[in-house]
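The structure appears below as structure tokens.
The values are calculated or read from the model by the stated rules, or taken from the named source; none is laboratory data. In this text, all values refer to a predicted model and were calculated from it rather than measured experimentally. Cβ placement follows ideal geometry from the backbone for every residue including glycine, while neighbour counts extend to all protein chains displayed.
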Amino acid sequence: MHPARAGNPTSCSKIAGAGGPVAVAVARKIVAFHQDDSGDWVADLECGHTQHVRHNPPWQSRDWVTREDGRRDHIGVELQCTKCDANPK
């Protein structure tokens, strides 16, 4: 198992509003990075899910992901976890 997935992968949750549960973007912190089989960078999120963080201008401008210090500086930054959004607990 990937080290970032050693935690509880079911820690996703809904945020309740005044009238009950509401659909919201679920922000999860980046805990690590790894490269996939194609060499693209993938962020490992605290919930156990992963998300590609490609630098592919002009569509995606994330030149920081191409540098080790850039990736290190983004540990702890929150990304929207689309998998938690799709399957809130």
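For region 73-88, check the following and say yes or no: at least one residue is at pLDDT below 90 and among the acidic types (D, E). Scanning region 73-88 turns up at least one residue that is at pLDDT below 90 and among the acidic types (D, E). Among the criteria (1) surrounded by 10 or more Cβ atoms within 10 Å (Cβ to Cβ); (2) at pLDDT 95 or above, the one D69 does not fulfil is (1).
Within region 49-76, residues that are polar (S, T, N, Q) have Cβ atoms under 9 Å from residues that are exposed (fewer than 10 other Cβ atoms within 10 Å of the Cβ) in no pair, counting only partners at least 6 apart in sequence or on another chain. Residues in region 43-55 that are under 10 Å from V26 (Cβ atoms) and assigned to a loop (DSSP other than H, G, I, E, B): C47, H49.
Scanning region 56-89 for residues that are out of contact with any helix residue (DSSP H, G or I) (no Cβ under 8 Å at 6 or more places or on another chain), assigned to a helix (DSSP H, G or I), among the charged types (D, E, K, R) and closer than 17 Å to A32 by Cβ yields E68, D69, R72, K83.
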